[in-house]
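Enquirer: The structure that follows is given in the form of structure tokens.
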Amino acid sequence: MRGFAMIEPGKTGFIDKEDPKVGPRDALIRPLAVAPCTSDIHTVYEDALGPRQNMILGHEACGVIVEVGSEVKDFKPGDKVLVPAITPNWSDVYSQAGYATDSDGMLGGWKFSNIKDGVFGTRFHVNDADGNLAHLPAEIDPAEACMLSDMIPTGLHASEMAGVTFGDTVAVIGIGPVGLMALRGAVLHGAGRVFAVGSRAKTVEVAKQYGATDIIDYHNGDIADQILAATNGVGVDKVLIAGGDAEHTFADAVKMLKPGGSIGNVNYLNGHDNVVFNAGDWGVGMGHKTIHGGLMPGGRLRMEKLAALVVNGRIDPSLLITHRFEGFEKNPRCD
């Protein structure tokens, strides 16, 4: 197979490898569509999870099954499938405890371009196929299906972790693709007022389409102060973090949060040793302000439920797509 890889830290290129071996419960997939993620940039240029050599990148894809193992029951060659970015080992004790993303060790459910080759190749391997794949509905465009791999479930997970419920006032910090889906997740969970923190014209436009009621531009001053002013000093019930840095973003989030409120963080805090916020804003440790951080869940059931949201018009992934490119062979760097 041929794939786009991290050859070494700071260096990428196309390489050739043998096709992955398929175990009894595994599947070999040919991609129909793939999508990039900022995590790929972190991996190559910021050494976020340690150095890698000749590792094919990518963790967002949908595809067609080429081969399945002898124990795979529900999928066969030729099936078009959704593929989650997180593919846990579902027999692991952490999976049984409800933390499948940490199967085989903390963040061990994240395998593509972390502990094995990713999806930016002519073939890629999926472990525990019956537990991790889902059939691709005919109504979903393959490019849009890629959004179901990571961007959509990661954003929705922020809303889940924070426990957004009907009538809540919610702030979403960072409205890139993941933040936009955090925003949409808050709306789907019944949020009443939703502040979207961002400034790019296109993402502001899409944030409004997904249900933002207020836009906060950090160029206009401290975002916590702006939101406190807009809520008459009361603050918000929930904060969803999908952007920013560890030093300032958490300080703002804790400051704007009501006592008893919750923060759901899905921002990738690479390059930071400490998360910093003011103890007084946290009620000197006693303000019942809760911080949750987690990697989005993977697995077949999650993918099937996400597909149902798209098929039934609850989420429109097409708003997240800005560019389409056709085929590895048409990429001038793939020779």
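The values are calculated or read from the model by the stated rules, or taken from the named source; none is laboratory data. Nothing here was measured: the structure is a model prediction, and the numbers come from that model. Cβ placement follows ideal geometry from the backbone for every residue including glycine, while neighbour counts extend to all protein chains displayed. Each accessible area value is taken on the protein alone, full model and side chains, heavy atoms only, with ligands, DNA and RNA left out. Shrake-Rupley method; radii C 1.70, N 1.55, O 1.52, S 1.80 Å.
Enquirer: Please list 174-186, 97-109, 253-265 highest first by mean number of surrounding beta-carbon atoms within 10 Å per residue.
Expert: Averaged packing, sorted descending, gives the order 174-186, 253-265, 97-109.
Enquirer: Now, a different point. Counting pairs of Cα atoms in the range 1-70, how many percent are more than 20 Å apart?
Expert: Tail of P(r) above 20 Å: 37 percent of Cα pairs.
Enquirer: Can you give the relative contact order of the range 192-277 as a percent, counting alpha carbon pairs under 8 Å and 6+ residues apart?
Expert: Worked out over the range 192-277, it gives 25 percent.
Enquirer: While we're here: Can you pull the one-decimal nm distance between simple spin-label points at Tyr218 and Glu304, each 7 Å off the Cα toward Cβ?
Expert: If labels sit at Tyr218 and Glu304, their model points lie 4.0 nm apart.
Enquirer: Over the chain, what relative contact order in percent results from Cα pairs under 8 Å that are six or more residues apart?
Expert: Relative contact order of the chain: 16 percent.
Enquirer: Please give the calculated 222 nm ellipticity per residue for the chain, where each DSSP H segment of at least 4 residues contributes -39500 (n - 2.57) and the sum is spread over every residue; nearest 500 deg cm²/dmol?
Expert: It lands at -6500 deg cm²/dmol.
Enquirer: A follow-up question, please. For Asp79, enumerate residues with amide H under 5 Å from its amide H, sequence gap 5+ or separate chain, H modeled in the peptide plane.
Expert: Result for Asp79 returns Ile65.
Enquirer: Let me ask something additional. Take the cross-link list Lys11/Lys116; Lys111/Lys289; Lys116/Lys202 and give me the ones stretching past 23 Å between alpha-carbons.
Expert: From the list (Lys11/Lys116; Lys111/Lys289; Lys116/Lys202), the Cα-Cα distance tops 23 Å for Lys111/Lys289; Lys116/Lys202.
Enquirer: So, one more: Would you grab the residues whose amide H sits under 5 Å from the one on Phe14? Only those 5+ places off in sequence or on another chain, please, with H modelled 1.01 Å from N.
Expert: Ala5
Enquirer: Under 16 Å Cα-Cα from Lys73, which aspartates and glutamates qualify once same-chain neighbours fewer than 8 residues away are excluded?
Expert: Asp26, Asp128, Asp130
Enquirer: Can you give me the C-alpha center-to-center distance between the range 170-184 and the range 1-64, rounded to a whole angstrom?
Expert: After rounding, the separation between the Cα centres reads 27 Å.
Enquirer: Something else: Given a 1.4 angstrom probe, I'd like the percentage of the accessible area of the range 42-195 that is carbon and sulfur, rounded to a whole number.
Expert: Taking all protein chains in place, the range 42-195 shows 54 percent carbon and sulfur surface.
Enquirer: From the phi of every residue in the range 72-79, what ³J(HN,Hα) in whole Hz does the Karplus formula 6.51 cos²θ - 1.76 cosθ + 1.60 yield, where θ is phi - 60° and glycine or proline is x?
Expert: Residue by residue, the range 72-79 yields 6, 9, 9, 9, 9, x, x, 5 Hz.
Enquirer: How large is log10 of I(q)/I(0) for the range 1-153 at q = 0.09, 0.11 Å⁻¹ when the intensity is taken from the Debye formula with one equal scatterer per alpha-carbon?
Expert: The computed values of log10 I(q)/I(0) come out as -0.26, -0.39.
Enquirer: Packing-wise, with mean Cβ within 10 Å as the measure, how do 238-248, 20-30 rank, highest first?
Expert: 238-248, 20-30
Enquirer: How big is the charge dipole of the range 64-204 about its Cα centre, in debye rounded to the nearest 20, if each Lys and Arg gets +1 on its Cβ and each Asp and Glu gets -1 on its Cβ?
Expert: Around 560 debye, computed over the range 64-204.
Enquirer: Assign one of three labels to the range 61-123, namely rounded, prolate or oblate, based on the Cα gyration tensor with a ≥ b ≥ c the square roots of its eigenvalues; rounded applies when a/c is under 1.5, prolate when it is not and a/b is larger than b/c, and oblate otherwise.
Expert: Oblate, because a/c is 1.5 or more while a/b does not exceed b/c.
Enquirer: With all distinct Cα pairs included, what does the Kirkwood hydrodynamic radius of the range 243-311 come out to in Å, to one decimal, could you say?
Expert: Answer for the range 243-311: a Kirkwood hydrodynamic radius of 13.9 Å.
Enquirer: Still on this structure, please answer the following. Expressed in nm to one decimal, what extension gain is obtained for the pair His135 and Ile7 from 0.36 nm per residue of sequence separation less their Cα-Cα distance?
Expert: That works out to 42.8 nm of additional length.
Enquirer: Give me the one-decimal Kirkwood hydrodynamic radius in Å for the range 193-255, with the sum taken over alpha-carbon pairs.
Expert: It is 12.2 Å.
Enquirer: What number comes out for accessible area per residue over the range 78-180 if the probe is 1.4 Å? Units Å², please.
Expert: 32
Enquirer: Given a Förster distance of 35 angstrom, what is the FRET efficiency for Ser70 paired with Thr38, based on the Cβ-Cβ distance and rounded to 0.05?
Expert: 0.40
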